[in-house]
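Below is one structure; the comments refer to it alone.
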């Protein structure tokens with residue numbers, strides 16, 4: 001049975017391990033134990049938590065992604081396992097030597113799937129998705145016509161009222177989206193590393209200052225899953241700029257929501273693994289057809 005728990009730590013505490021169990025000891029409260037093999041993601045929201053080095057080491061061994069948060073309680077760092085794959089050197093060299101045509105074809109497939117998932121999500125919320133759906137399968141190699149941006153403008157205007165993806169504008173929807181994206185991004189980075197890939201080398205994103213370029217590529221078809229949760233929270237009037245524990249828990253639970261891949265319904269966490277494995281296969285075979293990308297149900 002694969003790991004499935006996501007843990008949000010909001011109180012000052014000590015985190016340690018004993019007998020392969022996470023020991024959570026909040027101040028003035030009873031301690032709690034959780035089997036490490038059940039845990040996939042831990043988010044440390046409180047900056048007064050202490051962690052033992054033995055626990056950190058075991059997180060790496062168990063492939064647990066550990067997030068830290070800034071003073072605004074937004075994820076700002078991710079501790080992920082380091083090069084556990086037995087053929088890490090071979091895979092990293094293949095990744096480094098990827099040819100530009102294959103990178104462009106992979107990016108084409110990623111954006112086509114992202115737009116398809118955006119159109120599907122609009123339909124789920126009973127929105128007129130024609131302006132987005134018409135762009136599905138129209139993306140060219142490397143998205144040379146930037147249909148991703150065109151689809152995004154149409155999509156956000158249809159999904160939310162009076163909304164822009166402006167990072168400088170204080171909008172609880174943007175704050176929630178950013179939180180959810182950061183969690184999914186970390187989960188993708190965790191999967192990439194576990195399959196011997198270097199997250200810093202992307203197919204489209206290539207910033208020298210970004211350690212997660214490839215994760216930022218691979219997250220694109222998964223973003224609508226976060227959008228879905230934020231839209232539901234908005235409908236239920238749960239959103240505000242302070243983001244309560246309930247909102248954060250809902251966004252963490254994106255990782256155990258299901259998507260369609262390989263003719264079955266699987267969790268987003270498992271989607272991340274399959275995408276990473278298929279990306280390695282695409283590189284080795286120089287074949288974009290080997291890349292597996294998920295569908296919004």
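At a glance:
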read-out: Qualifying residue in the stretch 4-11 (condition: buried (at least 19 other Cβ atoms within 10 Å of the Cβ), more than 24 Å from the chain's Cα centre (by Cα) and either in a strand (DSSP E or B) or touching a residue at least 60 places away in the same chain (Cβ under 8 Å) (or both)); value: no
read-out: Selected residue [loosely packed, with under 15 Cβ neighbours inside 10 Å, in contact (Cβ under 8 Å) with a residue 40 or more places away in the chain and either touching a strand residue (DSSP E or B) at 6+ places or on another chain (Cβ under 6 Å) or farther than 20 Å from residue 78 by Cα (or both)] from 229, 241, 247; value: 241
read-out: Candidates 52, 33 - the one that is farther than 22 Å from residue 273 by Cβ, free of Cβ contacts under 8 Å to residues at least 24 places away in the same chain and either surrounded by 13 or more Cβ atoms within 10 Å (Cβ to Cβ) or under 25 Å from the mean Cα position of the chain (by Cα) (or both); value: 33
read-out: Some residue of the stretch 57-65 being closer than 21 Å to residue 210 by Cβ, in contact with a helix residue (DSSP H, G or I) (Cβ under 9 Å, 6 or more places away or on another chain) and in the same structural domain as residue 39 (by TED's automatic domain parsing); value: yes
read-out: Hits in the stretch 275-285 - residues which are surrounded by fewer than 19 Cβ atoms within 10 Å (Cβ to Cβ) and either within 14 Å of residue 109 (Cα to Cα) or under 17 Å from the mean Cα position of the chain (by Cα) (or both); value: 277, 278
read-out: Test result for residue 103, exposed (fewer than 15 other Cβ atoms within 10 Å of the Cβ), assigned by TED's automatic domain parsing to the domain that holds residue 132, at pLDDT 90 or above and within 26 Å of residue 276 (Cα to Cα); value: no
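The values are calculated or read from the model by the stated rules, or taken from the named source; none is laboratory data. Treat the numbers as computed from the prediction; the structure is a model and nothing was measured. Note that each Cβ is placed from the backbone with ideal geometry, even for glycine, and that neighbours are counted across all protein chains shown.
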